[in-house]
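These notes are about the structure you will find just below.
The values are calculated or read from the model by the stated rules, or taken from the named source; none is laboratory data. Please read all numbers here as calculations on a predicted model, not as lab measurements. All Cβ positions, glycine included, derive from the backbone under ideal geometry; neighbour counts span all protein chains shown. Surface areas here come from the heavy atoms of the whole protein model, side chains and all, with no ligands, DNA or RNA. Shrake-Rupley method; radii C 1.70, N 1.55, O 1.52, S 1.80 Å.
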Amino acid sequence: MTDTTVIEKPRSFSRDVWDQFRTHKGAMAGLIVLATLILFVVVGPFIWRIDPTFVEPDAAKMIMSRNKPPTWAHPLGTDQLGRDMLARMMAGGKVSLAVGTVAMLISIFIGTFIGVMAGYFKRLDGTLMRMTDLFLALPLLPLLLVLMMLFGDRIRALLGPEAGTFLLIVFAIGVTSWMHSARIVRGQVLALKEREFVMAAKSIGTPSRRVILRHILPNVVSPIMVAATLGIAGAIITESVLSFLGLGFPPDFPTWGRLLYDGVEYMQLYPQRVMWPGLAISLTVLSVNYIGDGLRDALDPRIRGR
Amino acid sequence: MKLRTALLGAACAFALAPAAYAERGADGHVNVLYWQAPSILNPYLSSGTKDVETASLILEGLGGFNEKGEVIARLAESVPTVENGGVSADLTTITWKLQAGLLWSDGTPVTSADAKFTYDYCTHPEGGCAQAARYEGIKSIDTPDAQTIVITFDAPKPNPYQAFVGGTSPILQAAQFANCLGAAASTCTDQNFMPIGTGPFKVTEFKTNDTVSLEANPNYRDPAKPAFATMTVKGGGDAQGAARAVMETGEFDYAWNTQINPEMQAQMAAGGKGVFLNGFGTLVERIEMNMTDPSADLPEGERSTVAHAHPILSDINVRKALSMAIDRQLLVDVGYGAAGRPTCNLVPAPELYASDNTECIPQQMDAAKALLDTAGWTDSDGDGIRDKDGKKLSILYQSSTNPVRQDFQALVKGWWNELGVEVELKNIDASVFFGGDAGSPDTFQKFYADVEMYANNFDGTDPEPYLAQYMCDKIPGPSNQWQGENINRFCDPAYDALVKEMSATADLAKRSELAKKMNDMLTKDSYVVVPLVDRGRLSAASNTLGGVVLNTWDTELWNAQDWFRVK
Amino acid sequence: MLTYTLRRLLLAIPTLLLISLVIFLLVDFAPGSPMSEIPLTVPPEVRQKMIEAMGADQPVFIRYLLWLRQFFWVEPAGLIDGWFGTSLAEGQQRIISWQTRSPVFVTIGQRIPQTLTVIGSAYAIGVLIALPIGIYSAYRQYSWFDQLGTFVAMVGYSVPTFFTGVLLIVIFSVNLGWFPSIYDTTLKVVDWDSFIKQVMQMALPVTVLALFNAAEISRYTRASFLDNLSQDYVRTARAKGMSEKTVVLKHVLRNSMIPVVTVIALGIPSIFAGAIITEQVFKVNGIGAALIGAIHANDLPMVQTLTFIFAVLIVLFNLIADILYGVLDPRIRYD
């Protein structure tokens, strides 16, 4: 026995969460994969400096460089116009990851906000949920066409073609995909609001804002996490459909979804054309999913204590 | 090249194969795939290719066109000409004689009154007839007896084979459609879905935009035909799926418009289950130059109108250099394979009207650069983009959404970049681009871009109405709700004069000369229209299907009565 | 609960009217015209005549009121005529599609069978495999079964149907020749052979869709189960000595069904709306193909009618979900 008791340093919340998160193998693997993917698309183009939209102007050379299998000059091969697939994967990933993440965040934010409001405040429930019904019923394609027609040129003129298109796309995807999470969150909140701990918080006069932030939200984290992971995949694919229809980025501008879409035509002859973008999208979604799992466990005090 | 020769050989072999299987319905069932499914079987209410071609299995005209573009008789005894006296010497009347003993599929006789009725049906002011243009310039139609139809024109008609010739203007049965005139046309669902006809087949079931089930017409005029007892025309999917169903899985016997990339064409053709058939018509993929300023800085209503000339494309040297920088053969090799060939002509066929202009085919990148240099377009500020008087060679290039068009855009962009021209690409959903909605900024008529690419053709074999589209008074603009056909905003009084001259000329040699002259004025003399590819039709036929002859002048199913099963 | 249901049903009427107006204005306002699929060889004057013949040049509110009348009066009257031989709707214009010039409901009638059989069974199968997988994955969290389930579900969801559909066709139709790549809508099931044929032609599209649907539902089921498995009441139930089966399949299941019910209720109306891409890949030509075709052709009466029926189903199934919440968790009260 020694008389000096080791006093544990007071542990911070984020530290606790991080420690718990680290023990989750899947989450750590996901984090590493995602970080690698981000490095690949952000730093990659500085190392691999081929222009992803470059088409060889010399016809003879261009014919020779079409649909090449992986070589040292083109580690992932080339597409039907002789464009370098590695450069296209990098450029495409930057957009796809950004669009996927931002659009998902917008959609989750709107969905959670509306879901919580509708579930918690009875007065708002009717209006908000009927609005959700309306959005669910709207045909997506005409809605997007109208959005693009009304705001497309203006936003592009204001922010430049790239930033403008990006903003339009994430906005368009965000505002047309929040309804599922809103309905799910509302359902959970309806049940949670009658539970004892919420009643208790309310009865001691806790303001609604605090009840929602401290007691309701932490308990709807898991469905939100699921919606978020599924949302990223959805957003990446929706972007490719938008661009395909001419509502998004210019036609020669690559994104993962677009590469996959274009590759399907060549799937039998050149399977690598669909393999790389398909793999990238799946890896992104899988890693986000595992990170989500880890985060959910880490945020759950009942698990963290164990 | 090899592939194409092989295909042509195969197509010839089919054409020559003996059709000596003389019993109606002996060959069972045949499956046809139209990936754009037919919506209606009355070609007067929809002129979509899918609808017209499927309907041609059931409905026929007095005449039609064969695969060489010659007029052939169908319901008529023979084709009336000036020589045989069927067409009057002053070209104002044409007299058709029906074959004797013709019956509709319901067993009633076909008479000249049916033709007269069809004319009344399509020219009814409230009917919204899609083929009204085929009956233009007709003063009257007389039926002196049950077999004779006399069409009298307002003015001499150099090409009298418009009304009742080809799949687009067949004869309807007067008895069936009697209550469907004018505004009532769209209430006649049964008639529009199951028309009674004289063709080799009759409809047994019609599922709109999905499947047409047909059976051999018991009253078809040739008692030995058709060889097939039943036929299914299925719709849906896309061109690649359609090609696959014939060439790889063998589920279907014939697939329409299987336009897929050349490499897949080669791979599927190698599979040995079927062949691709190709034929060339008048469809030309082209880049159209905007002669007016599409700048977004101009107020709405003045963009892309004749009020402002285009800042850079008004210079013929720029247009010429842009055309010279393109390698048309490469475009064909990448995009169309056997279904395309490079062209410099707006009117690539028929032979009579096709100019001998081929100088654009070899790519001339260096000459194009030199041309721009001498014209004063140089890169004065070192940013890689040529400029002159403060105007940069910067171009917005739009087209409709379609994988081949997007590949073309990327390739052309590469060449133009090499030339020192900055290019921004834009693709627009086809339903918006071709929709012609005056409220949308993205229609091809509004042309809010510097250049745009699409394909167009003309009906039948006479290019006169097609060439007349480039007259000054057909320029789209706010005053006509952007509905004109002169997309380039090309305007040349000398051209207008030629159009007028052609409309008054009956002599074929003279017409040919005029048409070639107009074609050249638009293409190699001015580079307002930059033709790229003469696009053929490419369809797929199973090796077990015989008698198929691809026809680009009429409907593809024009000789379905001669199809048979190869055993 | 009954008063709540009645109130919601009454409230649904103005909601649906508003939705129908918004859809109508939206579709009408969208760029494009019914002439977009007419070849360019047709001159502008003829196009104008065709638009006039369709009535597409009428002011928007007149067309909307006409549609309302046709949808709520002429069509139901026609239905009653069909049943009882009356002549309520005689001589009255039904909702006519601009694309096919035939009543919209004729097309819908032709499309319903394949939509329900293919999309409907894909959804049912999706739910049936998703629930057990979700439950077991949560119960044995981080077991190899769970890991595999997660992997398949995530890959299944992130790889779009336009890819999986073509992949399955290439493998199973082209290379192996086991299944047809084209769905035959004229096939009538009358005997064992035609039944086998029907099953064969459904196999590929149903697999594609079931995988996609199961992925989503199993994820929500698993997440919700996990939340509940660590709740105090589960520990209490176990401590009371209840069998594991009762604990999991009775207590936990019931408490974790709320998000699952929500997701399924959101999914059922989409059976009617069809699966646009899958239908196209396999040429099923159901409602989804009709809708996208009509949107491309700017066939406003068709788009409006289909979307509105879809809206009715959404409102209805969301109401059903809300009622089920109350059944699953009696603490939820709406009154």
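Restricted to helices (runs of 4 or more DSSP H) entirely inside segment B:367-467, those with at least 1 residues that are out of contact with any Ser or Thr (no Cβ under 7 Å at 6 or more places or on another chain) and within 14 Å of chain C (Cβ to nearest Cβ) are B:403-419, B:464-467. No other residue among B:D496, B:D554, B:D534 is assigned to a helix (DSSP H, G or I) and either buried (at least 24 other Cβ atoms within 10 Å of the Cβ) or at pLDDT 90 or above (or both) apart from B:D496. For segment A:25-65, residues that are within 30 Å of the chain's Cα centre (by Cα) and within 12 Å of another protein chain (Cβ to nearest Cβ) total 9. If the condition is being in a loop (DSSP other than H, G, I, E, B) and either among the aromatic types (F, W, Y) or under 16 Å from B:W256 (Cβ atoms) (or both), then segment B:52-75 contributes B:S56, B:L57, B:E67. Is it the case that segment B:257-278 has a residue that's touching a residue at least 12 places away in the same chain (Cβ under 8 Å), crowded, with 24+ Cβ neighbours inside 10 Å and facing chain C (nearest Cβ under 9 Å)? No, the conditions are met nowhere in segment B:257-278.
As a summary of the residue check, A:H180 satisfies the conditions (1) open to solvent by 10 Å² or more (accessible area, probe 1.4 Å); (2) more than 8 Å from chain C (Cβ to nearest Cβ); (3) not charged (D, E, K, R) except for the one numbered (2). Scanning segment B:418-472 for residues that are under 20 Å from B:D315 (Cα atoms), touching a residue at least 60 places away in the same chain (Cβ under 8 Å) and open to solvent by 30 Å² or more (accessible area, probe 1.4 Å) turns up just one, B:E418. Checking B:A26, B:A37, B:A19 one by one, the residue that is modelled with pLDDT under 90, buried (at least 21 other Cβ atoms within 10 Å of the Cβ) and either closer than 23 Å to B:T232 by Cβ or at the interface with another protein chain (Cβ under 10 Å from one of its Cβ atoms) (or both) is B:A37 and no other. The residue of segment C:249-271 that is nearest to C:I119 (Cα to Cα), among those that are buried (at least 22 other Cβ atoms within 10 Å of the Cβ) and among the polar types (S, T, N, Q), is C:T262.
When A:L295, A:L279 are checked against the criterion of being open to solvent by 50 Å² or more (accessible area, probe 1.4 Å), out of contact with any helix residue (DSSP H, G or I) (no Cβ under 8 Å at 6 or more places or on another chain) and not charged (D, E, K, R), a single residue qualifies: A:L279. Inspection of segment C:225-248 finds a residue satisfying the criterion of being assigned to a helix (DSSP H, G or I) and crowded, with 24+ Cβ neighbours inside 10 Å. A search for C-beta distances below 6 Å between a residue of segment A:115-134 that is closer than 16 Å to A:E194 by Cβ and any residue that is part of a helix (DSSP H, G or I) and open to solvent by 30 Å² or more (accessible area, probe 1.4 Å), counting only pairs 6+ apart in sequence or on different chains, returns A:A118/A:L124; A:A118/A:L128.
Contact map, segment C:170-188: residues that are more than 7 Å from chain B (Cβ to nearest Cβ) and in contact (Cβ under 8 Å) with a residue 60 or more places away in the chain paired with residues that are in a loop (DSSP other than H, G, I, E, B) and of a type in the set (D, E, K, R), Cβ distance under 8 Å, separation 6+ or inter-chain. Pairs shown: C:Y183/C:K283. Within segment C:140-152, the residues that satisfy the criterion of being facing another protein chain (nearest Cβ under 9 Å), under 26 Å from A:L97 (Cβ atoms) and open to solvent by 10 Å² or more (accessible area, probe 1.4 Å) are C:Q147, C:F151.
Within segment C:235-257, the residues that satisfy the criterion of being touching a helix residue (DSSP H, G or I) at 6+ places or on another chain (Cβ under 7 Å) and of a type in the set (G, A, S) are C:A237, C:S256. Evaluation of A:G257 against the conditions (1) of a type in the set (G, A, S); (2) free of Cβ contacts under 8 Å to residues at least 40 places away in the same chain; (3) open to solvent by less than 10 Å² (accessible area, probe 1.4 Å) shows that the sole unmet condition is (2). Whether a residue is touching a residue at least 24 places away in the same chain (Cβ under 8 Å), in a helix (DSSP H, G or I) and open to solvent by 20 Å² or more (accessible area, probe 1.4 Å) was assessed, and A:I63 does not pass this test. Per the conditions (1) modelled with pLDDT under 90; (2) crowded, with 18+ Cβ neighbours inside 10 Å; (3) in a helix (DSSP H, G or I); (4) not small (G, A, S), the sole criterion not satisfied by B:C12 is (2).
Scanning segment B:471-490 for residues that are away from chain C (no Cβ under 14 Å) and either in a helix (DSSP H, G or I) or over 24 Å from B:D442 (Cβ atoms) (or both) returns B:C472, B:P478.
Could you tell me which residue of segment A:66-100 is nearest to B:G414 (Cα to Cα), considering only residues that are open to solvent by less than 10 Å² (accessible area, probe 1.4 Å) and within 17 Å of the chain's Cα centre (by Cα)? Result: A:G92. With respect to B:M247, determine if the residue is within 10 Å of chain C (Cβ to nearest Cβ) and more than 22 Å from B:N192 (Cβ to Cβ). Yes; evaluated as a whole, the condition is true for this residue. Which one of these does C:G165 not meet: (1) within 14 Å of chain B (Cβ to nearest Cβ); (2) open to solvent by less than 50 Å² (accessible area, probe 1.4 Å); (3) over 30 Å from A:I184 (Cβ atoms); (4) of a type in the set (G, A, S)? It is condition (3) that C:G165 fails. Against the test of being closer than 23 Å to C:N318 by Cβ, more than 14 Å from chain B (Cβ to nearest Cβ) and without any contact (Cβ under 8 Å) to a residue 60 or more places away in the chain, the options C:L9, C:L65, C:L26, C:L17 yield a single qualifying residue, C:L17.
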